[in-house]
Amino acid sequence: MAFEYTHFKSLINVAIDNNASDIHIRADETPCFRISGDMVAVKSNKLLSQESIYDILRLLIGDKDQQELEAIKDLDGSFDFEDKCRLRFNYFKFNNKNGLVFRVIKKDIPSYRQLGLSDSLKQIIRAKRGLILVTGATGSGKSTTLASMINYINERRAKHIITIEDPIEFIHEQKKSRITQRELGVDTDNFEDALKFALRQDPDIILLGELRDQKSIEIALKAAETGHLVLATIHTTDAISTISRIISMFPAEEQADTRKRLSDSLYATISQRMIRSKKSSNGVRVAQEIMVTGPGVKECIRGDEPLDRIIPIIENGGTNSADIPCQSFDQAILNLLEGNYITEEDAAKEVRSASDFMRKLMLTK
């Protein structure tokens with residue numbers, strides 16, 4: 001029996017009702033949701049067939065003949081599900097089978113308060129120029145944080161914001177700002193061309209999505225160097241690993257120049273992790289490390305001081321001209337623990353050193 005839209009609709013509605021962040025659909029298995037960070041299998045006696053996965057793919061990309069579908073090995077895309085949510089999907093093949101993973105993106109863009117994010121972000125986003133990076137593992141909420149930052153600007157400032165995304169996730173309404181959202185493969189062919197033309201479209205702020213390689217990092221640096229505010233994400237765990245990753249992307253003979261360019265252009269890094277929470281509606285809480293560059297951080301980026309020195313600079317509040325409060329992951333996690341959002345056991349799993357953290361905790365009691 002064909003897997004029809006009514007079946008798909010029912011599955012997505014169940015995911016939304018259970019506050020699932022992701023939906024996993026694979027041939028010869030029952031669907032599975034990610035809820036509060038855990039994988040939860042849908043209770044069903046029916047396994048989805050290979051043909052059912054193809055039926056769902058047809059719903060997402062339009063009617064294709066079987067030969068065309070079988071030729072697809074990997075595919076990224078997005079799909080608007082009625083007025084409830086937007087689905088970012090990845091289709092893939094594995095072990096001679098096929099599967100789909102959906103990220104559920106709610107239509108309403110949550111505020112800082114709803115996400116439980118630091119008030120420092122409101123100050124960071126007031127920057128007029130420079131590079132702001134939101135970092136973290138897959139599923140740590142980077143795209144949601146960026147969307148919240150763009151929405152904060154949109155509600156308060158009359159700016160021209162251009163986004164270059166792969167694919168577009170959150171759809172922004174035109175409020176005080178004019179927002180131009182461009183999707184790779186749909187509205188533009190590649191990041192390089194999109195940025196070249198974006199700079200001719202009178203932007204104030206450019207959002208570049210994910211930085212994946214040397215080329216995309218080069219594009220982000222170039223955009224920041226033109227005097228614009230540039231926002232992007234990168235799959236790194238914290239400020240130190242972000243700086244190290246960016247520098248290592250370039251050949252050895254270019255790294256000294258890259259360090260200088262990065263020290264001049266990087267305005268802030270916002271690194272985040274999801275921690276299981278006993279007081280949050282979705283079962284998780286975001287812990288954020290916040291670094292705003294100042295003289296000390298710039299010295300570390302340039303290589304005049306070791307990168308490890310960045311942590312004590314952050315923990316001492318950061319020394320930046322805008323007086324924006326900074327915080328390390330340990331400080332953020334301690335605040336969540338003191339607020340009774342997380343348990344000591346979960347906190348100890350996420351800090352740099354569990355023994356150091358427990359000593360700090362004892363001093364606060």
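The values are calculated or read from the model by the stated rules, or taken from the named source; none is laboratory data. Not measured: the values here are computed from a predicted model. Note that each Cβ is placed from the backbone with ideal geometry, even for glycine, and that neighbours are counted across all protein chains shown.
Would you be able to tell me the number of residues in region 181-204 that are touching a His at 6+ places or on another chain (Cβ under 7 Å) and closer than 22 Å to Val134 by Cα? Break it down stepwise before answering.
To start, the set of residues in region 181-204 that are touching a His at 6+ places or on another chain (Cβ under 7 Å) comprises 181, 202-204.
Adding the requirement that they be closer than 22 Å to Val134 by Cα leaves 181, 203-204.
Matching residues across region 181-204 total 3.
Could you tell me which numbered condition Ser216 fails, if it satisfies all but one of (1) without any contact (Cβ under 8 Å) to a residue 40 or more places away in the chain; (2) surrounded by 18 or more Cβ atoms within 10 Å (Cβ to Cβ); (3) assigned to a loop (DSSP other than H, G, I, E, B); (4) not hydrophobic (A, V, I, L, M, F, W, C)?
So Ser216 meets the others, but not (3).
Residue pairs, Cβ under 7 Å, 6 or more apart or interchain, first in region 82-109 and without any contact (Cβ under 8 Å) to a residue 12 or more places away in the chain, second surrounded by 13 or more Cβ atoms within 10 Å (Cβ to Cβ) and charged (D, E, K, R). List them.
Close Cβ pairs satisfying both conditions: none exist.
Residues to consider are Ala268, Ala332, Ala348, Ala287; find the one that is among the hydrophobic types (A, V, I, L, M, F, W, C) and surrounded by fewer than 20 Cβ atoms within 10 Å (Cβ to Cβ).
The conditions single out Ala348.
Could you please find all residues in region 90-109 being out of contact with any helix residue (DSSP H, G or I) (no Cβ under 6 Å at 6 or more places or on another chain) and assigned to a loop (DSSP other than H, G, I, E, B)?
Of everything in region 90-109, those that are out of contact with any helix residue (DSSP H, G or I) (no Cβ under 6 Å at 6 or more places or on another chain) and assigned to a loop (DSSP other than H, G, I, E, B) turn out to be Asn95, Asn96, Lys107, Asp108.
Looking at (1) farther than 29 Å from Ile240 by Cα; (2) at pLDDT below 90; (3) of a type in the set (Ser, Thr, Tyr), find the lone condition where Thr180 falls short.
Every condition holds for Thr180 apart from (2).
Against the condition out of contact with any Pro (no Cβ under 8 Å at 6 or more places or on another chain), part of a helix (DSSP H, G or I) and touching a residue at least 12 places away in the same chain (Cβ under 8 Å), how does Lys360 come out, does it pass?
It is true that Lys360 is out of contact with any Pro (no Cβ under 8 Å at 6 or more places or on another chain), part of a helix (DSSP H, G or I) and touching a residue at least 12 places away in the same chain (Cβ under 8 Å).
For region 247-264, which residues satisfy the criterion of being within 24 Å of the chain's Cα centre (by Cα) and more than 16 Å from Glu299 (Cα to Cα)?
Ser248, Met249, Phe250
Just to verify a result, which residue in region 122-140, among those that are closer than 22 Å to Tyr341 by Cβ and crowded, with 22+ Cβ neighbours inside 10 Å, is modelled with the lowest pLDDT?
Looking at the filtered set, the residue picked out is Ser140.
Could you list, in sequence order, all residues of region 12-59 that are closer than 19 Å to Gly139 by Cα, touching a residue at least 40 places away in the same chain (Cβ under 8 Å) and not β-branched (Val, Ile, Thr)?
Ala15, Asn19, Ala20, Ser21, Asp22, His24, Arg34, Ser36, Gly37
Looking for something surrounded by fewer than 19 Cβ atoms within 10 Å (Cβ to Cβ), over 30 Å from Lys84 (Cβ atoms), among the small types (Gly, Ala, Ser) and more than 19 Å from the chain's Cα centre (by Cα) - is there at least one such residue anywhere in region 219-230?
Yes, some residue in region 219-230 is surrounded by fewer than 19 Cβ atoms within 10 Å (Cβ to Cβ), over 30 Å from Lys84 (Cβ atoms), among the small types (Gly, Ala, Ser) and more than 19 Å from the chain's Cα centre (by Cα).
Do the conditions hold for Lys93, that is, is it modelled with pLDDT of 90 or more and closer than 29 Å to Leu336 by Cβ?
Answer is no for this residue.
Being within 24 Å of Asn18 (Cβ to Cβ) and basic (Lys, Arg) is the filter; apply it to region 68-90 and report the residue that is modelled with the lowest pLDDT. Step through it out loud before you land on a result.
Initial filter on region 68-90 (within 24 Å of Asn18 (Cβ to Cβ)): 77-90.
Remaining after also requiring basic (Lys, Arg): 84, 86, 88.
On the way: Lys84: 88, Arg86: 91, Arg88: 92.
Looking at residues that are within 24 Å of Asn18 (Cβ to Cβ) and basic (Lys, Arg), I get Lys84.
Scan region 110-165 for residues that are part of a loop (DSSP other than H, G, I, E, B), among the polar types (S, T, N, Q), within 17 Å of Ala332 (Cβ to Cβ) and under 14 Å from the mean Cα position of the chain (by Cα) and jot them down. Even if it seems obvious, please write down each step before you answer.
Here is the first cut: in region 110-165, the residues part of a loop (DSSP other than H, G, I, E, B) are 110-111, 116-119, 125-129, 136-141, 157-159.
Okay, now just the ones that are also among the polar types (S, T, N, Q), so 111, 118, 138, 140.
If we keep only those that are within 17 Å of Ala332 (Cβ to Cβ) as well, we get 118, 140.
Across region 110-165, the qualifying residue is only Ser140.
If you scan region 188-200, which residues turn out to be out of contact with any helix residue (DSSP H, G or I) (no Cβ under 6 Å at 6 or more places or on another chain) and either among the hydrophobic types (A, V, I, L, M, F, W, C) or modelled with pLDDT of 95 or more (or both)?
Matches in region 188-200: Ala194, Phe197, Ala198, Leu199.
Could you list, in sequence order, the residues of region 191-209 that are touching a strand residue (DSSP E or B) at 6+ places or on another chain (Cβ under 7 Å) and part of a loop (DSSP other than H, G, I, E, B)?
Selection gives Gln201, Asp202, Pro203, Asp204.
Working only within region 151-169, note down all residues that are among the aliphatic types (A, V, I, L, M) and farther than 16 Å from Val230 by Cβ.
Ala158, Ile168
Quick one: which of Glu169, Glu173 is in a loop (DSSP other than H, G, I, E, B) and touching a strand residue (DSSP E or B) at 6+ places or on another chain (Cβ under 6 Å)?
Numbers: Glu173 fails: touching a strand residue (DSSP E or B) at 6+ places or on another chain (Cβ under 6 Å).
Answer to the check: Glu169.
Show the residue pairs that are 6+ apart or on different chains and have beta-carbon atoms under 8 Å apart, the first residue being within region 62-78 and without any contact (Cβ under 8 Å) to a residue 60 or more places away in the chain, the second being polar (S, T, N, Q) and outside any helix (DSSP H, G or I).
Every condition considered, the pairs that remain are Asp74/Asn90; Leu75/Asn90.
Ala322 - would you say it is in a loop (DSSP other than H, G, I, E, B), in contact with a helix residue (DSSP H, G or I) (Cβ under 9 Å, 6 or more places away or on another chain) and touching a residue at least 60 places away in the same chain (Cβ under 8 Å)?
The answer is yes for Ala322.
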